Each structure stands twice: as structure tokens, then as C-alpha cells.
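Chemist: The structure follows.
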Amino acid sequence: MHVSVRYLNILWLLGSSTIALAGSSDRDWASLVGQRFTAQRDVVYRRIGTRELKLDFYIPYDRKPGPTVLYIHGGGWENGSKEQYVLWYLPYLQLGLRVVAVQYRLSGEAAAPAGVEDCRCAFRWVTQNGAKYGVDPDRIVVSGGSAGGHLALLTAMRSGGIECPEHSGPEPHAAAVINYYGATDLNALLNSSLASVRRWLRDAPDVPALARQLSPMTWVKPGLPPILSIHGDADKTIPHQQSADLHHALDAAQVPNELITIHGGAHGRHTWTDADTLRVQRAIERFLRRNKLLGVARR
């Protein structure tokens, strides 16, 4: 008897303890997700003068603590919003995770390292205050794409000297990182066609020094959380070599990590084939399961 690959995938999902709506098909899940999850928008995590920076929570109605993705949007450090990628959050919700989307100051409002500081503050705020929204502070996966991938790496790596002045307490630790084609070496990009990195670093008295400080490659060391990087080898905005170099450095430091290469993939998930996107999603699921970031909430 012939059984389709799609049918086998559905059976696998239905048999998994990570699926949020046990017993429903993937088609039914889209109809039922609104009965299981709710959005709590514009929760203020930081005030700078009169400026309020906000988070959006996508959480189960019961608010039981569970693993959470802290998502940082991309846009060359100068564009984008926390609302922009909401449809990309749906696979995480289907797996039973919560999602928190971060707003941070873009370069037109504040030059580097303001955005890094904001993301660090958001991470600290969520670890200290997220339990009432259903966030397990010990199981937060930091993720983002492009500039958001870069900021996600820095947030999880605890880059030197960039901290959140108004949130004290123990240093938060990310459970893992999912990095979509984030910049890892800003100095290598300064003379590239990516002008937005120069605009973001514009106020630095020593631009190469700040670029080095804000490069994830600078902060590779043993003890970092597991890191999954995903990058197309035809990316003309942030070269695939940036993720390859990070992968080799993490291997040398014995940090658990993986690099998924999209052959012929350009910059931006929306440019990839359906097959590549689904291959990446299965890799993410394996990564999360391997690091015990799927399943029922701990008591």
C-alpha cells in the first residue's frame, strides 16, 4: 500500500507529545489555534524618557509555563517591526511553544549599540516577568533573522559591556539560539554593499572597534547555549561565509551547534522553495527536541 510522505508527516506530528492540539490534523490546527492561543500586545518592558519599548506575547489561554521563543525582527537594524513576522510564529505555536516578539530602537532613532541594549533588556525583562504570561524562564530560545539573527546571537552570548542598566539580578541564560542568516562579523561587512551597517555604527569614535565588539564572532567561547544557524549559500546581503565561520569557531570552542545550508538560497526565507522551508522546519524541530525544548511544561 502506498502511503504519501505528507500523510506520514501528519502521523508523525499527531504522534508527537509536542503538538499543541493533540488529535487534530494540521488543517484543523489552523481553525482551532485561536481557541488555544491569544495575543497580548504592547506590553511595555522598557522606558527611555517618554519612549516606551514593547513586547507582543503569543501565549496559551491557560498561561501554563512552557518553552518560549524570544523573536527579534530583522531589517538591517533600520527597518521592520515586532508585528511584521507574526505568520512565521505559527509553526512554533503548533509545536506548543510560546512566542514573544521584541520591539527595539532602530538606527534612525538611535545608533548602535542601542538596539543591542534594548534586546538585552527585553531578555532580562521576560526572564524576570514572563512567568505570568506562561513563559518558562529556563527554556527561552532566542531567535531572529538577518539583523535580528545578529541581535539574537549577541543577546544569548552576553556580549561584553552591553547590558541593561535598569534590570539587575542574576544573568539570564538562553536555552538555545535559532539564527537565520545573521551577521557574525561586522568588520567584514563595513566595506560591503550593506550600507545599513555603517549607518547603524555611525556615532562610534572608533567604528572598527565597535564593529568588533558587536560581532558575535568576538564572543565565541565554551559554555554558550546550543546554536542552530540557517543560511542560503547565494545570499548577497550577508554572505553564507559569515555563518560558516561562526560554525567552525563554535566547533573549535566545543559549543553544540549546527549549520543548515540552503543551496541556491538568497537572503530572506520568503525567497526559498517550499521544500527548503519545510526541510528547515524539520531541522528546527529536531534541534528543539534534542535540547529538551519541546514537550510539557515543567512543574
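Chemist: So if I check each of A156, A131, A183, A174, which one is part of a loop (DSSP other than H, G, I, E, B), touching a strand residue (DSSP E or B) at 6+ places or on another chain (Cβ under 8 Å) and in contact (Cβ under 8 Å) with a residue 24 or more places away in the chain?
Modeler: Unique residue meeting the criteria: A174.
Chemist: Filter region 43-62 for residues that are among the charged types (D, E, K, R) and surrounded by 12 or more Cβ atoms within 10 Å (Cβ to Cβ); which is nearest to the chain's Cα centre (by Cα)?
Modeler: Here the residue is D56.
Chemist: Looking only at residues that are in a strand (DSSP E or B) and among the hydrophobic types (A, V, I, L, M, F, W, C) in region 218-265, which one is surrounded by the most Cβ atoms within 10 Å (Cβ to Cβ)?
Modeler: Residue satisfying both the conditions and the ranking: I227.
Chemist: Using the structure shown, decide if G149 is small (G, A, S) and within 25 Å of G96 (Cα to Cα).
Modeler: yes
Chemist: Is it the case that G148 is buried (at least 24 other Cβ atoms within 10 Å of the Cβ), within 21 Å of I230 (Cβ to Cβ), of a type in the set (G, A, S) and under 15 Å from the mean Cα position of the chain (by Cα)?
Modeler: yes
Chemist: Next question. Only one residue in Y133, Y92 is surrounded by fewer than 21 Cβ atoms within 10 Å (Cβ to Cβ) and within 30 Å of D28 (Cα to Cα), so which one is that?
Modeler: From the options Y133, Y92, the qualifying one is Y133.
Chemist: So, in region 192-217, how many residues would count as being buried (at least 21 other Cβ atoms within 10 Å of the Cβ), free of Cβ contacts under 8 Å to residues at least 60 places away in the same chain and part of a helix (DSSP H, G or I)?
Modeler: Qualifying residue count for the region: 1.
Every number in this text was worked out from the coordinates using simple rules, so none of it is lab data. Everything numeric in this text was worked out from a predicted model, so none of it was measured. As a convention, Cβ positions derive from the backbone with ideal geometry for all residues, glycine included, and neighbour counts pool all protein chains shown.
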